Amino acid sequence: MRGSTPTVDPGTWRYGGNTPCLELITPDGIQIILDCGTGLRMLGSRWAAPDGLSAPDGLSAPETHILVTHYHWDHIQGIPFFAPLYAENNHFHFYSFRSKFLGRDSLKQVFETQMALPYFPVDMSAMNAKRKFQEVDGGDTFRIGENKVTARWLNHPQGCLGFRIETSAGTVVYATDNEPGDPKLDKSLVELAAGADIFINDAQFTPEQLATTKKGWGHSSWKEGVKVAREGNATTLVLFHHDPDSTDRMVDTVLRQAREEFDSVFSASEGMAITLGGIGSHDNVQAHLPGTRTALRREAQFRARICGVTEGGKPFEEETMVRDISLQGALISLQHLPRLQSELQVEMETPGPDGLQTMKLRGYVVRIDAGAEKGRSAVGVVFTD
């Protein structure tokens, strides 16, 4: 979810340090991968697991489709470490544009060059998977299975494509690495994002950086993302491509600012999964983190007072027990049904050196499930403050 370069320091642990790689599973069972950053290695490792997607020996694997936005290192550097590319029964179809610097077969050349001597110990001939390369231009529309894919140019040095993927469950738009300021491309981005259920947008810099020291670097801000989401009437905005110098706390601040301007906003996080419902189910956008990133939990129970807003827009206050809390969030049992994506204030009693002390936290609702007790809901909260 990071831009430019991976990070491994403790200050970026919660949102994660891999460079861009997203997996989209469509309702018709098609697997689409968006970009090939360092996160691609982890995806390949999951395939190799017993319940992964690798086909058994001797059987043909379904073709996987990979959309590459552009050729900068942070979007391709996972390719040599993607284990499924070395298995001959796998099939991959790559899509990207013809670079004026590389000419014809640009994407294939990128493969060959980054694995050539002296940059990598083996060359491309070690990859036994079947590979197809398809050239895509801004403005092109094509189909992958039952899904319609539209490509548009973004404003980024050496070129970059944004992709709109329309499925029977909803529409996802992936528009990373874009700098606002070109009227024609700005209008094109709004058109690309029009009516999207999920709009994933570059938010690497602050508005202040974008106007001064980072102008011309080819990236955007949360404020510009909100502007496009509003103009395009997108449902949910996902802030993406976090700056490697931005700590988790800084990303928290960006998220809080964006949520003050737009109803439904997430900050992309390592392992985050977003599920879409059927067409028109705009209230059924849910995001959650896997157990691997929320495993550091406290089993003790904490008495808490929760303040929030119900689905009907009415404020509520409720006392409850918080039993499942991690470094990033909590699962809270509530009688009231808060609005998805609304803010919750959590005032919790925790043990301290001098007895009980009050901890005040602020977060937002990312999921609502049926609770174990009748008349109560299990509410997932991600803390931002």
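Inclusion of LYS227 among residues that are among the charged types (D, E, K, R), over 17 Å from SER4 (Cβ atoms) and over 18 Å from the mean Cα position of the chain (by Cα) is warranted.
Filtered by the rule that a residue be over 22 Å from the mean Cα position of the chain (by Cα) and over 14 Å from VAL68 (Cα atoms), segment 132-162 gives GLY139, ASP140, THR141, PHE142, ARG143, GLY145, GLU146, PRO157. Of all the residues in segment 210-225, those that are open to solvent by 50 Å² or more (accessible area, probe 1.4 Å) and either within 21 Å of ASP263 (Cβ to Cβ) or hydrophobic (A, V, I, L, M, F, W, C) (or both) number 4.
All but one of (1) open to solvent by less than 10 Å² (accessible area, probe 1.4 Å); (2) part of a helix (DSSP H, G or I); (3) more than 14 Å from PHE82 (Cα to Cα) hold for GLY11, so report the exception by its number. With respect to (1) open to solvent by less than 10 Å² (accessible area, probe 1.4 Å); (2) part of a helix (DSSP H, G or I); (3) more than 14 Å from PHE82 (Cα to Cα), GLY11 is out only on (1). Which residue pairs have Cβ atoms under 8 Å apart, sit 6 or more places apart or on different chains, and have a first residue in segment 101-130 that is more than 14 Å from ILE76 (Cβ to Cβ) and a second that is open to solvent by 60 Å² or more (accessible area, probe 1.4 Å) and of a type in the set (A, V, I, L, M, F, W, C)? Matching pairs, first to second residue: ASP105/PHE133; ASP123/LEU117.
When segment 131-156 is limited to residues that are among the acidic types (Asp, Glu) and closer than 21 Å to TRP73 by Cα, the one that is least open to solvent (accessible area, probe 1.4 Å) turns out to be ASP137.
Does ASN178 satisfy the criteria of being over 19 Å from ILE33 (Cβ atoms), of a type in the set (S, T, N, Q) and open to solvent by less than 50 Å² (accessible area, probe 1.4 Å)? So ASN178 fits the description; yes. No other residue among VAL379, VAL346, VAL366 is at pLDDT 85 or above, closer than 28 Å to THR171 by Cα and assigned to a strand (DSSP E or B) apart from VAL379. Restricting segment 29-46 to residues that are more than 22 Å from THR5 (Cα to Cα) and in contact with a strand residue (DSSP E or B) (Cβ under 7 Å, 6 or more places away or on another chain), the residue that is least open to solvent (accessible area, probe 1.4 Å) is ILE32. Here the strands (runs of 3 or more DSSP E) wholly within segment 248-313 that include at least 3 residues being modelled with pLDDT under 90 and surrounded by 13 or more Cβ atoms within 10 Å (Cβ to Cβ) are 286-288. Of all residues in segment 186-241, those that are touching a Lys or Arg at 6+ places or on another chain (Cβ under 6 Å), more than 26 Å from ASP140 (Cβ to Cβ) and hydrophobic (A, V, I, L, M, F, W, C) total 1.
Residues of segment 189-209 that are closer than 24 Å to SER168 by Cβ and either open to solvent by less than 10 Å² (accessible area, probe 1.4 Å) or within 15 Å of the chain's Cα centre (by Cα) (or both): LEU192, ALA193, ALA196, ASP197, ILE198, PHE199, ILE200, ASN201. Quick check on segment 14-38: of everything there that is without any contact (Cβ under 8 Å) to a residue 40 or more places away in the chain and either assigned to a helix (DSSP H, G or I) or within 15 Å of the chain's Cα centre (by Cα) (or both), which residue is farthest from GLY218 (Cα to Cα)? So, considering only residues that are without any contact (Cβ under 8 Å) to a residue 40 or more places away in the chain and either assigned to a helix (DSSP H, G or I) or within 15 Å of the chain's Cα centre (by Cα) (or both), the one farthest from GLY218 (Cα to Cα) is ILE25.
Looking across segment 237-247, the residues that are out of contact with any helix residue (DSSP H, G or I) (no Cβ under 7 Å at 6 or more places or on another chain) and surrounded by fewer than 24 Cβ atoms within 10 Å (Cβ to Cβ) come down to ASP243, PRO244, ASP245, SER246. Determine if segment 204-214 includes at least one residue that is out of contact with any Ser or Thr (no Cβ under 6 Å at 6 or more places or on another chain), among the aromatic types (Phe, Trp, Tyr) and in contact (Cβ under 8 Å) with a residue 24 or more places away in the chain. Checked segment 204-214: no residue is out of contact with any Ser or Thr (no Cβ under 6 Å at 6 or more places or on another chain), among the aromatic types (Phe, Trp, Tyr) and in contact (Cβ under 8 Å) with a residue 24 or more places away in the chain.
The values are calculated or read from the model by the stated rules, or taken from the named source; none is laboratory data. All figures in this text were calculated on a predicted structure; none of them were measured in a lab. No Cβ is skipped: glycine too gets one built from the backbone with ideal geometry, and neighbour counts run over all protein chains shown. Note: accessible area is taken over every heavy atom of the protein model, side chains too, but ligands, DNA and RNA are not part of it. Shrake-Rupley method; radii C 1.70, N 1.55, O 1.52, S 1.80 Å.
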